[in-house]
Amino acid sequence: MRLGAVLAMAAALCYALLIHLMLRDGGALFGDQAALDLRVAGYTAEEARRWLEGLTEAQRATYFGALAMVDTLFPVLLGAALAVFLWQLGGKWVIALPVAYAVSDLLENSTIRSLPEVANFAQTATWASTLTLWKFASLLVAALALGWRIWQRRQR
């Protein structure tokens, strides 16, 4: 369990840095609206446009700069930690769940960060929102699978 613990601790530190960066340059997670990545229920293209237009220059620099780098590392660490824990608990087939989470989070990040330059904003924002929903759903299912494997192990 050491590798999983190290990965989980690294993911937790990375997450703390993400929150710090989000709060540093503009209050509550970039102004009066949560960052698109954090909207569990997704968002419309118009909401995405309003959020982007509402960013200050400092917030924009942070979101598309330092935060983007950290937010690329976080899903990899969290997905790897969950996959290692599931593997070690005998859930070999379910490691696809945290992999699905990590891939969808990375795709979501790159899609959101492409929004300022894309020609078809509405379609790209809709795709980004779909990826956000998939990210949270796959993370939930991966966490439930881990909880299930832990519960099964304790029942023995």
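Taken together, the values in this text are just the output of simple stated rules run on the coordinates, not laboratory data. Model, not experiment: these values are computed from the prediction. Cβ atoms come from the backbone with ideal geometry, glycine included; neighbour counts cover every protein chain shown.
Below are the figures for this structure:
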| read-out | value |
| --- | --- |
| Cβ-based charge dipole, the stretch 1-155, positive-most Cα from 66, 103, 147 | 147 |
| Which labelled figure in (i) 16.8, 56; (ii) 17.1, 69; (iii) 28.0, 106 is Rg and Dmax of the Cα atoms in Å, once derived from the coordinates | (i) |
| Student exercise, the stretch 45-156 dipole from Lys, Arg, Asp, Glu Cβ charges, in Debye to nearest 20 | 800 |
| Global form of the stretch 79-156, assessed from the alpha-carbon gyration tensor, a/c cut-off 1.5 | prolate |
